[in-house]
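The values are calculated or read from the model by the stated rules, or taken from the named source; none is laboratory data. None of these values were measured; they are calculated from a predicted model. Virtual Cβ from ideal backbone geometry, glycine too; neighbours counted across all protein chains shown. Just the protein is used for accessible areas: all its heavy atoms, side chains included, with ligands, DNA and RNA removed. Shrake-Rupley method; radii C 1.70, N 1.55, O 1.52, S 1.80 Å.
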Amino acid sequence: MELQIRNLSKRYPNGVQALKKISLTIPQGMYGLLGPNGAGKSSLMRTLATLQEPDEGSVRLGDIDVLHQKDRVRETLGYLPQEFGVYPRVSAERLLEHFAVLKGITERRSRREVVEALLRQTNLWEVRKEKLGGYSGGMRQRFGVAVALLGDPRLIIVDEPTAGLDPAERVRFLNLLSELGENAVVILSTHIVEDVSELCSRMAIIDRGEILLEAEPLRAVDELRGRIWRRTVPRTELREVEREHEVISTKLLAGRTVVHVYGETSPGVDFEPVEPDLEDVYFTVMSGHCGGRGVEPVEVGV
Amino acid sequence: MKLREIFRFEVEYRLRQSSTWVYGGILVALPFLMMHAINGAGGYMNAPWGIAFASIVTGLLAVLVTAALFGDAATRDVAAGMHPLFYTAPIRRADYLGGRFLGALSINAVLLVGIPIGLLLASWMPYMQPGKFGPFVPAGYVHAYLLFILPNLVLSAAILFTVAALTRSTLATYLAGVGLLIAYFLAIEFAPASPRLAALVDPFGGNALEHLTRHWPPAERNTRLIGFPEILLWNRLLWLGVAAGVLGLLHLRFRFAHPGGAGRRKQRPGSTDRERPGIAPGGPVVVPSAPREFGGRGRARQTVAIAGESLRQIVVQRTFLAILAGALFVTFTFGWEVGDLVFGTSSWPVTHLVAASVLSGPVSTIVAVLIAVFAGELVWKERDVRMSDIADAAPVPDWVSLAGRFLALAGMIVLLQAVLMAAGMTLQALQGYTRFEPGVYLRILFGLKLADYLIFAALAMAVHVVVDHKYAGHLIVVVFYVFTMFAGQFGLQHNLLVYGSDPGWVYSDMSGFGPFVAPFVWFKLYWAGWALLLALAANLFWVRGREAGARRRVGMARARFTRAAASAAAVAALLVLTLGGFIFYNTNVLNEYRTPFESAGLRAEYERRYKRFEGAPQPAVTAAELRVEIHPGEPAADLLGTFRLVNRTGSPIDSVHLVNVDPAIRTRSLVFDRPAERVLVDGEGHYSIYRLERALQPGDSLRLSFDLTFRPRGFPNSGIPTAVVENGAYFDRRWLPMIGYQPGFELVGAEERREHGLPPHPPLPPADRSEGRRTQLPGDADLVAVDAVIGTDGDQTAITPGTLVREWRENGRRYFHYRTEAPLPFGAPVLSGRYAVVEDRWGDVDLRIFHHPGHDFNLERMLRSMKASLSYFSEQFGPYPFDQLRIVEFPRYTGGARAHPHTIAFSEGSAFLTRVEGDDVDRTFFVIAHETAHQWWGGQLVGAQARGGALLSETLAQYSAMMVMEKTLGKEQARRFYDYEMDHYLRGRQVFTNREVPLLEVEDQKYLHYHKGAVAMYTLRERIGEDRVNTALRRLLQKHRAGVPPYPTSLDLYAELRAVTPDTLHPLLRDLFQEITLWDVGAEAVRVEPVGTGEYRVTLEVAAKKVRADSIGVETEIPMDDMVEIGVFGGASGDPLYLRPHRIRSGRQSITVTVPRKPERAGIDPYGKLIQRKKEDNIVKVEESAAAGGVATDR
């Protein structure tokens, strides 16, 4: 089963064109959708999760027409939104049971089993009787995962899941997700590059409503080998360096400014070659050196 | 299954909220308290009808609870941010919406059982007066719940749930709830004329209930079950259908969609791709430095900035605009018929009526709602959008936040008032009235009302701050508001104790706000002191940061109670104490403060102590000399007077009893012209007894001189005296001492008498007992010769009955000397004001109207009526004995109209401002004619103090006025009047305390001597003719004009009428006057057959019944054998093809007549001339089925 998105476009009433004729094919497994804030990731996620109507385009999940057969999609959908709240005065267990019924698990015994299993897996079993109002951010996020995983979904959409989690929680969370890719299409939408590099076998980079790159992360990194150069620059010279070279990113390392520069050959003596990572891929694409702006998205290593 | 789960979850969730139990408590407490506060019209308050009515009323208030419950059920998911989880679950819309709706509905339905429980509890309370509640009738409660409470709940729930689910805003839901209530009140106000239609289109059933029970007499009202009458069931079905429709609409329109992404606003052309800054510009951010100020000026600016921003946020909200639209709508609908007068005529929209009645009446409540709602919004605005963390951490002191918000609220109120003022002026202009008086608008809207609103706003804000729960806060504010409105019912009379209250005010065109301004201002300043304390409390408990929980907040409050706060509190407390003390000094020391119970107690005591002196021989006043000095500017009046008292009884009088009924009058001295010793003086009842050294022999006279003064000091808590004001003084006989025990001062109401331990009021002596022959006027004077000199301001005119002998100026004041030509009934009215005068003549009689300049709309009409009345009455009844007739206007602080010898005093606005247009019933004309008629009936003819006495004055005046109206304005107008009188008679019957009696025995029942009397006399005239009736009246007057004992009674009138009535109609006379008779006739079917020559034979099947009723309406059927009109009508014009009286007996009968043209309708008593409760079935429509002679029925 794969998810086929064709020519999806969406414009908001205030004039913003959130999605511009997006086309993607997403197979089973972990798929990362990378892009900056305002790129259109959440709009795309909400459309796929049947919460929004696009202006044009089509989406098919296997043989289900996602846009027009919303009920069928919802039967097999797990959606963890970017922002959500909870009823503060209800316990996790009760609310999860409630959702289990809503998702069709109407038989009591099997429901109990599913709920228990999910609570254990998300490490919420010990606190299942506490009111959700008292949960920390990480616990709430895990609760959201539990809800999303109810009913064995075939399409799982996870929108910016690790923003706001501390490092330990983030690792736990990613571990949780990593198992899911076996039997479902899992779309992980994020602006945190590490999430994608750690989890996803395929990815796309999206910005301003357009897909700039569709690739397998490893292959994309491979392509950049030998083209990324690094130099430590004093702050006062930064402007000059930016003018003269193709700077793709600027970082601080222990208080000193470090620039990464794209170049087929070495840009200068002060520059040293550096082993590229997915972040470099990302910045390279964003700055226009790889992949198109307004051009057909480059498919690398398909 | 999913529906069931959602339903269960909703119920569980609701049960876990403490607010649910609070609502339940309120729904029990409200009806419980209501039963304490209302004093029924004497019937059982738990009669099935009363239960239904109370259920509807409480149900209306419960709409707010419904708004809260269903608003939460529909918007909770979006508000909590949980909606993405729900909307992506595989559930159907119907399940989701249905489960939520039904869950909330069942909870609400259970909570509403609290209403019958509360009502029941009230009836079981042991301290309730016996007789107030009757036996427990369970069916009454069950019927009320099933017929009214439940269907009303379903309707309001459907509407509110739909609004909440589609707008996703709890505020909008609340306002929809309020809007529902307002729409309901409007629907009642503007109910369509047909009662059946009105009963159908009434969503909550109040009108339907009223229609059903409209004419139930007291006996039925106590016991009769509502049952399941047809029209009520149709009404319920109709509105349940509407509810279903609304829910269907919801199901159609609701989407599981992300809110905010699906706007229907026009898409702006041209994509605005946001410009993104270049990649990683690098380099740190450099912020230019700016000066910051945290001192006084800075704080002031911050306050103003917060105020401005908050106000802007309020005003752009769609809900605000919706409410504003609602207020304007109410203004125009209520205001269109401003000045709610009888006969559906209205008044000219003079500015004070618009500003005070329209814009400050029902609209006032809307403004209060706005204040309550937006006080909450202002206090919660950061928390609502989750910005509170950022806002709370900013360097803004608490008081600046609070002050800024309050200023915004004040600004909103000012804005509202400005809009309302514009609306008021527009309303006036649309009605063709252009005398806008912006000064009056400003003083009322931006002075008086603004002060009220600001004080209320302070309370609303403080409540919302201290109560940390928005909806509980709203509820508390509403409860508080309702409480202040009804505080009097709960025994809190003193205005120092009820938040925001004051003694009230009335605006008069003649004298402005008169004596009301000063007390108003003092009270408002006092309450402003309290408002300040509330503001300080709000400041101490201002919510900032994340600490909730009562204990934490108290701790924080204590920490905030700095020296500055303490001194501010001290200042406010000082303000409260000094102003309160000053007010208390005025209301309780300078004036007497009495609760209504205490005042009644005084009168009871008066009766207990002195009634034994009733009937003791006392001298009568035969002449009076008065020297009055009116000082309108102060205001004050001084009065020197001398009575000539004559012993008209057969025995010597050894002591004179004097009663002073007006507590505002102080007697400076009281001197007899011969030795007399004061043996009793009772300050409370103002009763004093003077023993004469030598008894006054029969026929002898003595003189009594008195010196009185009216100088009000300070102001009382209520009932500010208005007898003398800056322009428009009006006082009368009641200022002067009265001779002998005055029964008129006793308590009259049966319940009041019981409360004070008095036996029931003895009825007036029956009309046929000779001992009852005493004059009807205050029992100490017959006809009195008056010589009065009245001094007033140089620019005012003083008026009292009599001929103006001399007029002069002295010391800048004007003096008028009046003397009566012949002794006249002694009412001694004195009026003084700056009048404009319009003069005319009728024969030898001078006609004059003294009116406030500017109240000149109806002068022509009034003169016309005076002339027509004088003409008709002098021709028919007897000559007019005076050479002048005057109408004088007095300020509207007091109402009504009073007829004195050749002087009619009218309250401002009643006849002067009535607006008569086109074919409206000319009420002004009628009222002037009625009062002019009193110059004969009540003036020349004075009745005995006995039962039926009012017949001789009021009934005859009504009849006379109707005749003049018919002669001058046409039969149609008179007929409409007649219908109005009939309706009011029938309605008056339902009030329990009005024990009905036959006309000849009427005591004080206005609905009888005004309305039934008019009906009876006019009906009689229709049957025996005008000449005969007038002859009877003329003879009556001739026989008793002299005005000496024995005085005429209703029996004398009856005898004269009987003499002119043919024998065959004597039974009718008896039915109308001697008995309480009701008829019930109806047309059941009509058959029509053409008879060849273009004529038609009409056969009418009718049923007839006649009953006699007793005082509480228990009916007994009697055989009927009366002449009743049968009418056949055809075609467009209302003229009958056939109209003649037929002899009708009890039961069914058939009547056949021939008519020249094709008939359309036929009926029995088509003009409603019989006294019937149900007139709708008098006429049936004819449906053609010529040859076959089909039977047509229509009801």
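Some points to look at:
- Projecting the Cα positions of B:Gly843, B:Val369, B:Ile51 onto the charge dipole of the protein assembly as shown (unit charges on Cβ atoms of Lys, Arg, Asp and Glu, taken about the Cα centre) puts B:Ile51 furthest along the positive direction.
- A Förster radius of 22 Å, combined with the Cβ-Cβ distance separating B:Leu590 from B:Val681, puts the computed FRET efficiency at roughly 0.50.
- Computed on chain B, with alpha-carbon pairs under 8 angstrom and 6+ residues apart, the relative contact order is 7 percent.
- Accessible area of the protein assembly as shown divided out per residue, in Å², using a probe of 1.4 angstrom: 43
- Only protein heavy atoms count here; under a 1.4 Å probe, B:Thr595 has an accessible surface of about 30 Å².
- The range B:162-180 and the range B:684-752 have Cα centres spaced 59 Å apart.
- Stretched out straight at 0.36 nm per residue, the stretch from B:Lys611 to B:Glu1075 would grow longer than its current Cα-Cα span by 163.8 nm.
- Charge dipole of the range B:602-718 about the Cα centre (unit charges at C-beta), most positive-ward option of B:Pro635, B:Pro716, B:Ala620: B:Ala620
- Computed 3J(HN,Hα) for the range A:49-58, one whole-Hz value per residue from the Karplus formula 6.51 cos²θ - 1.76 cosθ + 1.60 where θ = phi - 60°, is 8, 6, 9, 9, 9, x, 6, 7, x, 9, glycine and proline marked x.
- Antiparallel bridges, percent of DSSP beta bridges restricted to chain A (to nearest 5): 60
- Annotation: the antiparallel percentage among DSSP beta bridges lying fully within the protein assembly as shown is about 80.
- Each label point was placed 7 Å from the Cα along the Cα-to-Cβ direction; for B:Arg987 and B:Ala391 their separation is 5.0 nm.
- Taking both sides together, the accessible area buried where A meets B is about 4200 Å² for a 1.4 Å probe.
- Solvent-accessible area, 1.4 Å probe, carbon plus sulfur percent, for chain B: 59
- Across the range B:1071-1087, rounded Karplus estimates of 3J(HN,Hα) from the backbone phi angles (6.51 cos²θ - 1.76 cosθ + 1.60, θ = phi - 60°) give 4, 6, 9, 8, 10, 9, 10, 10, 10, 9, 10, x, 9, 9, 8, 9, 10 Hz, Gly and Pro being marked x.
- Rounded to the nearest 20 debye, the dipole magnitude of the protein assembly as shown is 1460 debye, with +1 charges on Lys and Arg beta carbons, -1 on Asp and Glu beta carbons, and the Cα centre as origin.
- Toward the positive end of the charge dipole of the range A:1-114, with +1 on the Cβ of Lys and Arg and -1 on the Cβ of Asp and Glu, the farthest Cα among A:Leu67, A:Tyr87, A:Thr106 is that of A:Tyr87.
- Our helix-only sum for chain B, with -39,500 (n - 2.57) per DSSP H run of n ≥ 4 divided by its residues, gives a mean residue ellipticity at 222 nm of -14000 deg cm²/dmol.
- Within 10 Å of the Cβ of each residue in B:1-11, the mean number of Cβ atoms contributed by other protein chains is 3.
- Residues in the range A:36-50 that, when all protein chains are in place, have 20 Å² or more less accessible area than the chain alone would give (probe 1.4 Å): A:Arg46
- The label point for B:Thr894 and the one for A:Arg120, both projected 7 Å from the Cα toward the Cβ, are 9.2 nm apart.
- The alpha carbon centroids of the range A:100-154 and the range A:201-240 are separated by 38 Å.
- In order through the range A:199-214: 3J(HN,Hα) via Karplus (6.51 cos²θ - 1.76 cosθ + 1.60), integer Hz, x for Gly, Pro: 10, 9, 8, 9, 8, 9, 10, 10, 8, 6, x, 10, 7, 8, 7, 10
- Volume per residue that the Cα convex hull of the range B:648-770 spans, once the total is divided by residue count, Å³: 187
- For the range B:158-204, the ratio of Cα radius of gyration to the globular rule of thumb 2.2 N^0.38 Å stands at 1.40.
- Under a 5 Å amide H cut-off, with hydrogens placed 1.01 Å from N, A:Glu210 pairs with A:Lys20 among residues at least 5 apart or on other chains.
- At R0 = 41 Å, FRET efficiency that the Cβ-Cβ distance of A:Glu53 and B:Arg383 yields, to 0.05: 0.80
- Checking every one of the GluC sites (Glu not before Pro) in the range B:827-917 against DSSP loop status and a limit of 15 other Cβ atoms within 10 Å picks out B:Glu917.
- In this rough spin-label picture, where each label sits 7 Å from Cα along the Cβ direction, the B:Val479-B:Thr578 distance is 3.6 nm.
- Value of D in µm² per second that Stokes-Einstein yields for the protein assembly as shown, Kirkwood Rh from Cα pairs, at 37 °C (0.692 mPa s): 83
- For the range B:312-403, trypsin sites (Lys or Arg not before Pro) are listed when DSSP marks them as loop and at most 14 other Cβ atoms sit within 10 Å of their Cβ; the list is B:Arg386.
- Angle between chain A longest axis and helix A:167-178 axis [Cα atoms, degrees, rounded to 10]: 70
- For B:Ile1179, the amide hydrogen comes within under 5 Å of the amide hydrogens of B:Ala1083, counting only partners 5 or more places away or on other chains and with H modelled in the peptide plane.
- When the C-alpha to C-alpha distance is required to be over 27 Å, the pairs from B:Lys967/B:Lys1105; A:Lys21/A:Lys103; A:Lys20/A:Lys103; B:Lys1105/B:Lys1181; B:Lys971/B:Lys1174 that qualify are B:Lys967/B:Lys1105; A:Lys21/A:Lys103; A:Lys20/A:Lys103.
- Shielding by partners, peptide A:76-85 (average Cβ within 10 angstrom, other chains): 4
- Heavy-atom accessible area with a 1.4 Å probe sorts B:Glu210, B:Glu996, B:Glu437, A:Glu75, largest first, into A:Glu75, B:Glu210, B:Glu437, B:Glu996.
- Paramagnetic reach from A:Glu130 in the range A:136-171 [backbone N under 12 Å; point 7 Å along Cα→Cβ]: A:136-140
- Each peptide in B:1102-1112, B:1077-1087 was scored by the mean count of other Cβ atoms within 10 Å over its residues; highest first, the order is B:1077-1087, B:1102-1112.
- The H on the amide N of B:Arg915, modeled in the peptide plane, is under 5 Å from the matching H of B:Ser346, B:Ser347, B:Trp348, each at least 5 residues off or on a different chain.
- Förster radius 45 Å - calculated FRET efficiency between A:Val171 and B:Arg551 (Cβ-Cβ, nearest 0.05): 0.65
- The listed residues B:Asp787, B:Asp919 rank as B:Asp919, B:Asp787 when sorted by accessible area, largest first, using a 1.4 Å probe.
- For the range A:1-31, a drop of 50 Å² or more in accessible area on going from the chain alone to the assembled protein chains (1.4 Å probe) is found at A:Arg11, A:Pro13.
- Simple point charges give the picture: +1 on the Cβ of Lys and Arg, -1 on the Cβ of Asp and Glu, and for chain B a dipole about the Cα centre of about 3900 debye.
- Share of carbon and sulfur in the accessible heavy-atom surface of chain A [1.4 Å probe, %]: 45
- On Cα atoms only, tilt of B:296-316 relative to the major axis of chain B in degrees: 80
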